[in-house]
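These notes are about the structure you will find just below.
The values are calculated or read from the model by the stated rules, or taken from the named source; none is laboratory data. Computed from a prediction, not measured in an experiment: that's the story for all the values here. Neighbour counts run over all protein chains shown; Cβ positions are idealised from the backbone, glycine included. Note: accessible area is taken over every heavy atom of the protein model, side chains too, but ligands, DNA and RNA are not part of it. Shrake-Rupley method; radii C 1.70, N 1.55, O 1.52, S 1.80 Å.
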Amino acid sequence: MQIAQDKVVLIHYTLTNDGGKVLDSSSGGDPLAYLHGQGNIIPGLEKALEGKQAGDKLNVRVEPAEGYGVRDDSLVQQVPRRAFGSVSKVEPGMQFHAQSAQGQMRVVTVTHVKGDMVTVDANHPLAGEVLVFDVEVAEVRDATGEELEHGHVHGPGGHQH
């Protein structure tokens, strides 16, 4: 069975950056399960997997625009420490949920703390990165009605309800 819209796909993968540093991998664990065509994985990888079938192996290079986006420096801001409410110690690397001016919830990462000011970055941590995936397609199957209704895979390697 070929990978196509609304098929459940299970893949083993190793993700590296353009310099070869391993960022993530399914090695030694369950394959990643996703519902094809539902935006469950980044667009560049999903496009490369279209038409593949179980047993296929591929190396995919994904540019930022087809991955986690191009870095947007306007998403880096300085905010007063008091904006973190009851959090007693704010440190680089911490992540928080924040509401944008348009009312959207975003994850922001603290990148710098100096005095009473905290620098936060709302870019995805992999924004601006070229991503390289080594992928093996483990399985392709029809989605269940419930998976189609929910827009994601259920069970091992997928979402658990």
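The charge dipole of segment 1-93, taken about its Cα centre with unit charges on the Cβ atoms of Lys, Arg (+1), Asp and Glu (-1) only, comes to about 300 debye. Build a GNM of the chain with springs between Cα atoms under 10 Å apart, and of Gly39, Gly55, Gly19 the one that fluctuates most is Gly19. Charged side chains reduced to their Cβ positions (Lys and Arg at +1, Asp and Glu at -1) give the chain a dipole of some 640 debye around its Cα centre.
Inter-label distance, Gln102 to Glu146: 3.5 nm, where each label sits 7 Å from its Cα along the C-beta direction.
Picking from Ala83, Ala101, Ala48, which is most flexible by a Gaussian network model of the chain using Cα springs under 10 Å? It is Ala101.
Taking every alpha-carbon pair under 8 Å whose residues sit at least 6 apart, the chain reaches a relative contact order of 35 percent. Solvent-accessible area of His12, all protein chains in place: 70 Å² (probe radius 1.4 Å, heavy atoms, ligands and nucleic acids excluded). Computed from label points 7 Å out along Cα-Cβ, the spacing between Met1 and Lys89 is 5.1 nm. Entry comment: accessible area of the chain is 59 Å² per residue, from protein heavy atoms only and a probe of 1.4 Å.
Just how large is the dipole of segment 49-90 about the Cα centre, in debye to the nearest 20, putting +1 at every Lys and Arg Cβ and -1 at every Asp and Glu Cβ? The calculated dipole for segment 49-90 is roughly 420 debye. Pairs of alpha-carbon atoms within less than 8 angstrom and 6+ residues apart define the contacts here; what relative contact order does segment 1-87 have, in percent? That works out to 27 percent.
For Ser88, the solvent-accessible surface computed with a 1.4 Å probe is close to 110 Å², ligands and nucleic acids excluded. Lysine pair count for segment 1-160 with Cα-Cα distance under 25 Å and sequence separation of 8 or more or different chains is 7. Phi angles across segment 48-53 convert, under the Karplus curve 6.51 cos²θ - 1.76 cosθ + 1.60 with θ = phi - 60°, into 3J(HN,Hα) values of 5, 7, 3, x, 7, 9 Hz, Gly and Pro given as x. When the charge dipole of the chain is built from unit charges on Cβ atoms (+1 for Lys and Arg, -1 for Asp and Glu) and taken about the Cα centre, the candidate among Ala48, Pro92, Gln2 whose Cα reaches farthest toward its positive end is Pro92.
Taking the 1.4 Å solvent-accessible surface of the chain as the whole, the part contributed by carbon and sulfur is 48%. Full extension of the chain between Lys21 and Asp73 gives 16.3 nm of extra length, using 0.36 nm per residue less the Cα-Cα distance. Averaging the Cα positions of each part gives two centres, and for segment 109-142 and segment 38-100 these lie 4 Å apart.
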